[in-house]
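Below is one structure, written out as structure tokens; comments come after it.
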Amino acid sequence: KTVCVTGASGYIASWLVKFLLQRGYTVKASVRDTSDPKKTQHLLSLDGAKERLHLIKADLMEEGSFDAVVDGCDGVFHTASPFYHATKDPQAELIDPALKGTLNVLRSCAKTPSVKRVVLTSSIASVAYNYKPKTPQVLVDESWWSDPEFCVQTQKWYVLSKTLAEDAAWKFVKDKRIELVAINPPMVVGPLLQPTLNTSSAAVLNLINGAETYPNSTYGWADVRDVANAHILAFENPSANGRYLTVESVAHYSEIVKLLRQLYPTLPLPKKCADDKPFVAKYQVSKERAKSLGLEFTPLEQTIKEAVESLKEKGFF
Ligand code: NDP
């Protein structure tokens, strides 16, 4: 079978491409810059790449750019979307590529009869950011949606970009024959295949790089390999549908630091929180749908350990 992965050089997508090749798929992979070895070398050296990986240049902001990429594919994994927080122009840098890019990819899929299913890499960003209180008693599940107004008010532009993109995707497929399944991961960490630093891996690196404080934030966390696997399960299981949260555990940064301290007692870890306020409350996230897909979760401690080892091996600290 032939499948397509958009944004193939990215952190999550690289693992997805690796696992797809391992499973015998032919992979048409879109990258923005096919001539940059930092974006392509780690993909080209994967097992099976020589025989079954095809890199194709495509940009989310170019109309029709993905026609050639999805052509002849049974499934499309749409992972490409900008993920960073510092931006001067959120509309142009985050929202347009996420929203217009997703519709651009879906339009290419809709006019390509071979494409039966699209697996969209959405995010917990599209689920959990709204005016509802989050406390240890609250269970966040796939019926939750983030509120664009809340995102604007709190200036969470990346969160807004993911919310608008997923919402538009569901609306787009309503009257189309293509099936859509969304994967909604939280903060994704673990080993890196690509040589560059992505935003969620930087969250771990920042803690082991001599920082004095850790952020007063609570996030869901998941292993990058589990998230990649969830995408494949969502494609291969005919009854997969709707959204799948893939959260191994919810933890405040202080707990991540504690884990790191146990694993690496000699690392110079931050000792205090960035502010004096009470720690942002934890909440629960449902694992039921993810488990129903057959997804097994790597314990966070193992993930964090392998993230640190990988960051070290790649020379980030
Ligand atoms: P990366 O930054 O590693 O990957 C993002 C990918 O998107 C890159 O391949 C990038 O291409 C591509 N991209 C960005 N803008 C464009 C554009 N205009 N045209 C074409 N491609 C573009 O991040 P992740 O692997 O972390 O993210 C992958 C997906 O997972 C995203 O949709 C993200 O929102 C989602 N996600 C990530 C989480 C995480 O914690 N990492 C959590 C939840 C969801 P290029 O290499 O050329 O820049």
Legend entry - Hits in the range 80-127 - residues which are modelled with pLDDT under 95 and either under 13 Å from the mean Cα position of the chain (by Cα) or crowded, with 24+ Cβ neighbours inside 10 Å (or both): Tyr84
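Listed here are the residues, each with its yes/no results for (1) of a type in the set (Phe, Trp, Tyr); (2) open to solvent by 70 Å² or more (accessible area, probe 1.4 Å); (3) more than 27 Å from Arg23 (Cβ to Cβ).
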{"site": "Ala222", "(1), (2), (3)": "no, no, no"}
{"site": "Ala240", "(1), (2), (3)": "no, no, no"}
{"site": "Arg243", "(1), (2), (3)": "no, no, no"}
{"site": "Val247", "(1), (2), (3)": "no, no, no"}
{"site": "Arg261", "(1), (2), (3)": "no, yes, yes"}
{"site": "Leu267", "(1), (2), (3)": "no, no, yes"}
{"site": "Pro278", "(1), (2), (3)": "no, yes, yes"}
{"site": "Phe297", "(1), (2), (3)": "yes, no, no"}
{"site": "Gly315", "(1), (2), (3)": "no, no, yes"}
Inset, instruction - Could you please tell me which pairs satisfy a Cβ distance under 9 Å, a separation of 6+ or placement on different chains, a first residue in the range 44-62 that is more than 11 Å from Ala8 (Cα to Cα), and a second residue that is away from the ligand (no atom under 15 Å from the Cβ) and part of a loop (DSSP other than H, G, I, E, B)? - result: Gly48/Gly24; Gly48/Tyr25; Arg52/Gly24; Arg52/Tyr25
Inset, instruction - List every residue pair whose Cβ atoms lie under 6 Å apart, where the two residues are 6 or more positions apart in sequence or sit on different chains, the first residue falls within the range 278-306 and is in contact (Cβ under 8 Å) with a residue 24 or more places away in the chain, and the second residue, located anywhere, is among the small types (Gly, Ala, Ser). - result: Val280/Ser217; Val285/Gly220; Leu295/Ala230; Leu300/Ser249; Thr303/Gly190; Glu306/Gly190
Inset, instruction - Quickly run through the range 25-35 and pick out the residues that are out of contact with any Asp or Glu (no Cβ under 7 Å at 6 or more places or on another chain) and either aromatic (Phe, Trp, Tyr) or open to solvent by 40 Å² or more (accessible area, probe 1.4 Å) (or both). - result: Tyr25, Asp33, Thr34, Ser35
Inset, instruction - Give just the number: which of (1) within 10 Å of the ligand (Cβ to nearest atom); (2) within 18 Å of the chain's Cα centre (by Cα); (3) open to solvent by 30 Å² or more (accessible area, probe 1.4 Å) does Lys57 not satisfy? - result: (2)
Inset, instruction - Just need a number here: residues in the range 11-24 that are in contact with a helix residue (DSSP H, G or I) (Cβ under 9 Å, 6 or more places away or on another chain) and open to solvent by 20 Å² or more (accessible area, probe 1.4 Å). - result: 6
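Give the range 131-173 a look and list any residue that's in a loop (DSSP other than H, G, I, E, B), in contact with a strand residue (DSSP E or B) (Cβ under 6 Å, 6 or more places away or on another chain) and open to solvent by 70 Å² or more (accessible area, probe 1.4 Å), or say none.
none
The values are calculated or read from the model by the stated rules, or taken from the named source; none is laboratory data. This one's a predicted model, so the numbers in the text were calculated from it and none came from an experiment. In this analysis, Cβ positions are derived from the backbone assuming ideal geometry, glycine residues included, and neighbour counts consider all displayed protein chains. Protein only, heavy atoms only, side chains kept; ligands, DNA and RNA dropped before computing areas. Shrake-Rupley method; radii C 1.70, N 1.55, O 1.52, S 1.80 Å.
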